[in-house]
Amino acid sequence: MLGTTRRPVGGPDQIQLDFNSPVGDFKIPEDVQAACICVAVARLAACEADPAGSALVNVSRTIALVDLLAARKIYTLFLSTNQVFDGNRPHVPADAPAAPVSEYGRQKAATEQLLRMRMADGAPIGILRLAKVVSPGMPLLAAWRKELEAGRSIRAFTDMTMAPTPVDLVTMSIARMLEDRLPVIAQLTGPRDVAYFDVGRFLAERIGADPRLVEPSNTLENGMPTGSAPRNTTLDSSYIATKYGLTVPDAFDVIGRL
C-alpha cells in the first residue's frame, strides 16, 4: 500500500504529490490497481475565503488526477461529503439531487458531477460520501475533557450537529470498495444527529464533571461560515450496511468509545 504526501517523502511507502502544483506529470507507480482520493481543502472557512484557490485543489486538480488514473484503468474512489446537500432532511438518499449551501459543498458537488459523467462513460470510479469522522484522541473532545476535569467551563454549539462515524468503519468501507471496484455512489454516517452541546454534556457526565460547566453557544455569534450548521448531517448508509454488513452505532455509543 502506498500513500502520497505533499511534504518530503518519509519512507518507501510514500510518494510525493502536491496539489498546489499541476498533477499532469505525476508518475503513477506501475503496480497500482486502485486508489482513494482523500486530499481536499476541507475547512468551510478556507473555501469561503479563497474559492478560486480551494477549487483548484478540490475540483480541477482532483479531476486531473482521476483522469490520469482512469487512463490506466485504475479504479478510483473519491471521498465526498454531506455538504453536497443542504441538510434539510435526514438520511438523504445517495441519488438525491445535490443542493449545497457552502462553497466547500459546491466544489465537492461540482467534482461529483464531473465524476458521474465519467462513470456514465465507463470510467472505473466510485464515490463515498462521509460526514463527521471521529477517532480516538479527537482534539476537540480531548480539550473539552481537560477543561472539564480542571473544573473550567467549555462552550459548545447548540445549533451544530454531528452523526459521528468511527474512523475504523470508514477505513473498512474504503478497503471493501477498493476491492470490489464498483462504479457506485455510497454513503456512510451515523444513524442520528446530536448537537455538540449535548456531546459536551454527555462527556461531562461520563467523566463525573458538573454538566453545568458546558455552556451553550451558537454558530451565528461565533461568525461561522455559511453551511456550518446544517440541521441534518445523516446520509442513507444502506448500501454499505447491505453490501458489507457495516453499520455505525448510535452517536453516544461512538463518543463513549472514544
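None of the figures in this text is laboratory data; all of them are computed from the coordinates on show. Keep in mind that what you see is a predicted model, and the values were worked out from it rather than measured. Note that each Cβ is placed from the backbone with ideal geometry, even for glycine, and that neighbours are counted across all protein chains shown.
Counting Cα-Cα pairs of the range 107-241 in 10 Å increments starting at 0 gives whole-percent bin shares of 11, 32, 30, 17, 8, 1. Shown for the range 1-75 is the translational diffusion coefficient from the Stokes-Einstein equation, using the Kirkwood radius over Cα pairs, a temperature of 20 °C and a viscosity of 1.002 mPa s: 161 µm²/s. When the Gaussian network model of the chain links Cα atoms closer than 10 Å, the mean-square fluctuations of 222, 82, 58 top out at 222. The angle between the Cα long axis of helix 196-207 and the longest principal axis of the Cα atoms of the chain comes to about 60 degrees, rounded to the nearest 10. Mean projection of the Cα convex hull over all viewing directions, computed for the range 60-164: 8.8 nm². Running a GNM on the chain with Cα contacts under 10 Å, which residue among 166, 139, 183 ends up with the highest mean-square fluctuation? With Cα springs under 10 Å in the chain, the top fluctuation among 166, 139, 183 is at 139.
Take the Cα radius of gyration of the range 193-238 and divide it by 2.2 N^0.38 Å, N being the number of residues; the result is 1.44.
In plain terms, the residue of 146, 132 with the fewest other Cβ atoms within 10 Å comes first and the most crowded comes last, giving 146, 132.
Translational diffusion coefficient, Stokes-Einstein: compute it for the range 171-258 using the Kirkwood radius over C-alpha pairs as Rh, at 20 °C and 1.002 mPa s, and state it as an integer in µm² s⁻¹. Using the Kirkwood radius from Cα pairs, D works out to 137 µm²/s. The equivalent ellipsoid that matches the C-alpha gyration tensor of the chain spans semi-axes of 33, 19, 19 angstrom, in descending order. Eigen-decomposition of the gyration tensor built on the alpha-carbon atoms of the range 1-125 gives equivalent ellipsoid semi-axes of 26, 18, 12 angstrom, largest listed first. If exposed GluC sites (Glu not before Pro) are those in a DSSP loop with at most 13 other Cβ within 10 Å, what is the longest stretch of the chain that has none? That gives 31-220 as the longest site-free run. Across the chain, how many lysine pairs, 8 or more positions apart or on different chains, have C-alpha atoms separated by under 24 Å? Please give the number. Final tally of qualifying lysine pairs is 6. Residues 253, 193, arranged from fewest to most other Cβ atoms within 10 angstrom of their Cβ, appear as 253, 193. Over the range 1-125, Cα pairs under 8 Å with separation of 6+ residues give a relative contact order of 24 percent. Measuring between their Cα centroids, the range 10-61 and the range 109-180 lie 18 Å from each other.
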